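Asker: The structure is given below, and queries will be raised subsequently.
All of the numbers you see were taken from the coordinates with simple rules; none came from a lab. What you see is a predicted model; the values in this text were computed from it and never measured. So basically every Cβ, Gly included, is an ideal-geometry build from the backbone, and we count neighbours across all protein chains shown.
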Amino acid sequence: MHANQGQSPFKLWRGVAPTLTHLHLFGSLTYQLDDHNTLRKLDDRAQPVHYLGPTWDPEQHQLWIPTSNTITVSRNIIFIDNHKSARPTTVLPLANVVPT
């Protein structure tokens with residue numbers, strides 16, 4: 001006999017299962033908003049980046065920019081979780097990344 005009847009401690013304590021919608025896949029495709037004032041009318045407003053994980057600040061995320069091979073922190077991002085290329089098809093070359 002199990003004391004928790006096969007349920008998680010979270011569900012036993014709160015009565016509902018936890019939501020995991022805030023979790024995202026490492027390396028998934030995201031878009032970072034480019035909020036510079038130097039953008040012209042038809043310039044791209046976002047650049048594709050790869051998600052590395054959250055920072056200590058819950059509103060910011062670590063991102064890898066493959067075009068410049070750098071890591072940055074931003075809060076202005078859009079997750080593309082249902083996209084077919086959301087899962088990385090290659091290993092991210094993070095050994096030579098220059099942190100900003």
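Asker: Based on the Cα atoms of segment 37-77, what semi-axes does the equivalent ellipsoid have, where each is the square root of 5 times one gyration tensor eigenvalue, given in whole Å with the largest first?
Answerer: Details: eigenvalues 94, 34, 11 Å².
They are 22, 13, 7 Å, listed largest first.
Asker: For segment 1-63, report the translational diffusion coefficient in µm²/s to the nearest whole number, using Stokes-Einstein at 25 °C, 0.890 mPa s, and a Kirkwood Rh over Cα pairs.
Answerer: 159 µm²/s
Asker: Mind checking which of Trp56, Val16, Leu33 is farthest towards the positive end of segment 5-57's charge dipole, using Cβ charges of +1 (Lys, Arg) and -1 (Asp, Glu) about the Cα centre?
Answerer: It is Val16.
Asker: Magnitude of the Cβ-charge dipole of segment 2-76, K/R +1 and D/E -1, about the Cα centre, nearest 20 debye?
Answerer: On the way: 6 positive and 6 negative charges, 55 e Å.
Computed charge dipole of segment 2-76: roughly 260 debye.
Asker: Under a point spin-label approximation (7 Å from Cα along Cα-to-Cβ), what is the Thr67-Phe26 distance to one decimal in nm?
Answerer: In this crude label model, Thr67 to Phe26 measures out at 2.7 nm.
Asker: Put a dot 7 Å past each Cα toward the Cβ at Asn76 and Phe10; how far apart are the dots in nm?
Answerer: 3.1 nm
Asker: Enumerate by residue number the trypsin sites (Lys or Arg not before Pro) in segment 1-77 meeting two conditions: DSSP loop (anything except H, G, I, E, B), and at most 16 other Cβ atoms within 10 Å of the site's Cβ.
Answerer: Working: sites: Lys11, Arg14, Arg40, Lys41, Arg45, Arg75; in loops: Arg40, Lys41, Arg45, Arg75.
Those satisfying the criteria are Arg40, Lys41, Arg45, Arg75.
Asker: What is the fewest-to-most order of Val16, Val49, Val73 by other Cβ atoms lying within 10 Å of their Cβ? Each step should come with its number before you reach the end.
Answerer: Values: Val16 8, Val49 22, Val73 14.
Going from sparsest to densest Cβ surroundings: Val16, Val73, Val49.
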